[in-house]
Amino acid sequence: MTIALHGKGISRGIALGAAHIVQRDTLEVVEYTVSAAELPLELARLDSAVEESRQGLRAMRERIPAHTPSDIVAFIDAHLLMLDDPHLTEEPKRLMHERGCNAEWALKLQRDALISVFDSMDDAYLRTRRDDVDHVFNRVLRALLNHAPARHEGGEANLEGLILIADDLSPADALLMQQHGIAGFITEYGGPTSHTAIIARSLGLPGVVGVPHARRYLREGEALIVDGDEGLVLGDADQRILEHYRARRDERQKKVSRLARLKRAPAMTADGVPIELLANVDLESDFELAKASGARGVGLYRTEFLYMNRLDPPSEEEHLAVYGRLVEAFRQQPVTIRTMDIGADKQTGAGVSSSRANTVNPALGMRAVRLGLKEPELLVPQLRAIVRASALGQVRLMIPMLSDLDEAAQVTHLIRGIQAEFTRLGVPHDPAMPIGGMLEVPAAVMFADGFARALDFLSIGTNDLIQYAVAIDRVNEEVSYLYDPLNPGVLRLIELAIRHADAADCPIAMCGEMAGDVRYTRLLLGLGLRAFSVHPSLLLEVKQVLAETELQPVRRLVAKTLKSTDPARYRELLTALG
Ligand code: PEP
Ligand code: MG
């Protein structure tokens, strides 16, 4: 009998294939006494497990093709570095001497101690390391316990066409799986905004995350369907259902080829109003994809991924090298580099850990511009690199999560100081580099006229704006039913932001997921939006809807609905817009 499991679809597309279950979280560790005479042998066991882990990671690194973006390779490099850290190599040995215990137990004690330190940290940036610590210690533990490496890590394993099911996956896992030719994946934990999800999207890998007990309900080898569009997993599907999904997958491929014809066409409505279509990029691997999609520039480059899975924040030179490549890919077109937005959901690289989920209100805490201003060592090298990159092309700097104009003023002040220093030293830069901000906090939207006058451009971040407007955490499953772009209050906020920006002649775009969801394209046009920044894989679909839409009737209908106090009118809006 066919069973259906629900989760969150994190990357579009449909995969059909046989299930392969990855068991990773069953490392049973017991303590036993090791006599003084046995201790040298036990210490040597630990050393060789660390060495085996190192060899495993090096082999994995070598299999990564040369053109792979540096930010993805960095995930593995960071783990290699950790294997040299005395916290991992020396401290467990000290515990073994002190307690006369086995290597596994000492390693487990040290891992638990480190993880609790990370969990208690206020510093959101450092807390992002917790998952790395967990992954690396588990790798050494697995070597000590003689567990085979996960099958997807083995060089010889044939995973071609399989659908992987795991408790959780690291971003590096997702990368390796794609290289092994897997068709798709399912995880029990993780949300649509985790790094794994974002990397899977960039790699075009269909996946569904947050499917509770998937490994219990699905059997090794059974035929599975992963519907990344709907967040649906179907197991043991009968022939009729398989046919249906095969047809959908093929139809999708045809649609992609049909849409490719629109690449060079200008983005405009049926009545000839030009619309700006820009790309969102998360990883270096998106740069070329974005360019190839026909985007007229980059409306959002999420730079926080440059900070993930490594021991120190990137240096000014590292930032500059990546920005140089982005500008190079886009030549004469604008690229919007957003300063790092670390914190809240962005610290959960490989899914939701229970201790982190217990952190009080991370979404309302120290993240993005707040963190950058509190810890200038994270932000200033980035600002310097962006200012230097402005000499190379049309660079725009964007500040995330503004809630107060003073935050924008402080960042601008830092930038002006850097520009003055560069002018003195003769370092090339564009003194007129536009500085913009994201409207993601309702208070900032209500004061959009103030922001529009103070900044050179604005962008509406609906992913956050919606969660803050309806007062939910965007990764909390229990309240996700409230996450509704059609909430009348949300629509009025968007309309207000656009109206204020237009009145101040300040360019405004939208770069949240809503901008790339074709169900909302007409609605957004009706709200007055004229610049959309979307994931490259969605750009042509949006372009097609634009070309099929007459602006005036849409504007009238949306304006009329926004005056209504009847929630049903808002719910019916999409149907009415056709
Ligand atoms: C948003 O909040 O809509 C946005 C684009 O930023 P991010 O998803 O990176 O928080
Ligand atoms: Mg945001």
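Looking at the structure I just gave you, is Ile418 surrounded by 18 or more Cβ atoms within 10 Å (Cβ to Cβ) and more than 16 Å from ligand 1 (Cβ to nearest atom)?
For Ile418, the condition - surrounded by 18 or more Cβ atoms within 10 Å (Cβ to Cβ) and more than 16 Å from ligand 1 (Cβ to nearest atom) - is met.
Can you go through Ala357, Ala350, Ala344, Ala389 and tell me which one is modelled with pLDDT under 95, more than 16 Å from ligand 1 (Cβ to nearest atom) and buried (at least 24 other Cβ atoms within 10 Å of the Cβ)?
On the way: Ala357 fails: buried (at least 24 other Cβ atoms within 10 Å of the Cβ); Ala344 fails: more than 16 Å from ligand 1 (Cβ to nearest atom); Ala389 fails: modelled with pLDDT under 95.
Ala350 is the lone residue from the list that is modelled with pLDDT under 95, more than 16 Å from ligand 1 (Cβ to nearest atom) and buried (at least 24 other Cβ atoms within 10 Å of the Cβ).
Please identify the pairs in which a residue from the stretch 449-465 that is more than 15 Å from Tyr301 (Cα to Cα) and at pLDDT 95 or above has its Cβ atom under 7 Å from the Cβ atom of a residue that is within 9 Å of ligand 2 (Cβ to nearest atom) and assigned to a loop (DSSP other than H, G, I, E, B), counting only partners at least 6 apart or on another chain.
Listed by first residue and then by second, the contacts come to Thr462/Gly512; Leu465/Glu440; Leu465/Gly512.
Looking at the stretch 417-447, which of its residues are assigned to a helix (DSSP H, G or I), away from ligand 2 (no atom under 16 Å from the Cβ) and either under 27 Å from Ala503 (Cα atoms) or outside the structural domain of Arg530 (by TED's automatic domain parsing) (or both)?
Residue satisfying the conditions is Met446 alone.
For Pro442, which of the numbered conditions (1) surrounded by 15 or more Cβ atoms within 10 Å (Cβ to Cβ); (2) more than 30 Å from the chain's Cα centre (by Cα); (3) farther than 18 Å from Arg396 by Cα; (4) not polar (S, T, N, Q) fails to hold?
Going through (1) surrounded by 15 or more Cβ atoms within 10 Å (Cβ to Cβ); (2) more than 30 Å from the chain's Cα centre (by Cα); (3) farther than 18 Å from Arg396 by Cα; (4) not polar (S, T, N, Q) one by one, Pro442 breaks only (2).
The conditions are (1) at pLDDT below 95; (2) more than 16 Å from ligand 2 (Cβ to nearest atom); (3) of a type in the set (Lys, Arg), and Arg492 fails exactly one of them. Which is it?
The one condition Arg492 does not meet is (1).
Restricting attention to the stretch 491-506, does a residue exist that is in contact with a Lys or Arg (Cβ under 8 Å, 6 or more places away or on another chain) and either surrounded by 16 or more Cβ atoms within 10 Å (Cβ to Cβ) or of a type in the set (Gly, Ala, Ser) (or both)?
Looking through the stretch 491-506, at least one residue is in contact with a Lys or Arg (Cβ under 8 Å, 6 or more places away or on another chain) and either surrounded by 16 or more Cβ atoms within 10 Å (Cβ to Cβ) or of a type in the set (Gly, Ala, Ser) (or both).
Conditions tested, residue by residue: (1) modelled with pLDDT of 80 or more; (2) loosely packed, with under 14 Cβ neighbours inside 10 Å.
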site	(1), (2)
Ala66	no, yes
Val73	no, no
Leu88	yes, no
Glu91	yes, no
Asn102	yes, no
Ser120	no, yes
Ala124	no, no
Ala150	no, no
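Give the residue that is modelled with the highest pLDDT, with candidates limited to residues of the stretch 283-320 that are part of a loop (DSSP other than H, G, I, E, B) and of a type in the set (D, E, K, R). Steps first, answer last, please.
First pass over the stretch 283-320, keeping only residues part of a loop (DSSP other than H, G, I, E, B): 283-284, 293-297, 308-315.
Then keep just the ones that are of a type in the set (D, E, K, R); that gives 284, 296, 310, 312.
Numbers: Glu284: 85, Arg296: 95, Arg310: 67, Asp312: 81.
Residue satisfying both the conditions and the ranking: Arg296.
Would you pick out the residues in the stretch 1-13 that are surrounded by fewer than 23 Cβ atoms within 10 Å (Cβ to Cβ) and touching a helix residue (DSSP H, G or I) at 6+ places or on another chain (Cβ under 7 Å)?
Passing the criteria: Thr2, Ile3, Leu5, Arg12, Gly13.
Considering only residues of the stretch 455-471 that are of a type in the set (A, V, I, L, M, F, W, C) and surrounded by 18 or more Cβ atoms within 10 Å (Cβ to Cβ), which is nearest to ligand 2 (Cβ to nearest atom)?
Among them, the one singled out is Leu465.
Looking at this structure, is Val209 modelled with pLDDT under 90 and in contact with an Asp or Glu (Cβ under 9 Å, 6 or more places away or on another chain)? Outline the logic, then answer.
Working: modelled with pLDDT under 90: yes; in contact with an Asp or Glu (Cβ under 9 Å, 6 or more places away or on another chain): yes.
In short, yes.
Counting residues that are away from ligand 1 (no atom under 14 Å from the Cβ) and without any contact (Cβ under 8 Å) to a residue 12 or more places away in the chain, which helices (runs of 4 or more DSSP H) fully inside the stretch 470-578 reach at least 1?
Those helices (runs of 4 or more DSSP H) span 551-563, 567-571, 573-577.
Does Pro381 satisfy the condition of being in contact with a helix residue (DSSP H, G or I) (Cβ under 9 Å, 6 or more places away or on another chain) and more than 16 Å from ligand 2 (Cβ to nearest atom)? Give the derivation first.
Details: in contact with a helix residue (DSSP H, G or I) (Cβ under 9 Å, 6 or more places away or on another chain): yes; more than 16 Å from ligand 2 (Cβ to nearest atom): yes.
When the stated conditions are applied, Pro381 passes them.
Within the stretch 397-406, is even one residue surrounded by 14 or more Cβ atoms within 10 Å (Cβ to Cβ), in contact with a strand residue (DSSP E or B) (Cβ under 6 Å, 6 or more places away or on another chain) and among the charged types (D, E, K, R)? Show your work before the answer.
So the first thing to find is which residues in the stretch 397-406 are surrounded by 14 or more Cβ atoms within 10 Å (Cβ to Cβ), and the list is 397-405.
Those still in the list that are in contact with a strand residue (DSSP E or B) (Cβ under 6 Å, 6 or more places away or on another chain) too: 397-400, 402.
Imposing the further condition that a residue be among the charged types (D, E, K, R) reduces the set to none.
Within the stretch 397-406 (the criterion being surrounded by 14 or more Cβ atoms within 10 Å (Cβ to Cβ), in contact with a strand residue (DSSP E or B) (Cβ under 6 Å, 6 or more places away or on another chain) and among the charged types (D, E, K, R)), the answer is no, since none of the residues qualifies.
Out of all the residues in the stretch 266-282, is one or more modelled with pLDDT under 90 and within 16 Å of ligand 1 (Cβ to nearest atom)?
yes
The values are calculated or read from the model by the stated rules, or taken from the named source; none is laboratory data. Source: prediction; values computed, not measured. When we count neighbours, we look across all protein chains shown, and the Cβ atoms used for this are built from the backbone with ideal geometry, even at glycine.
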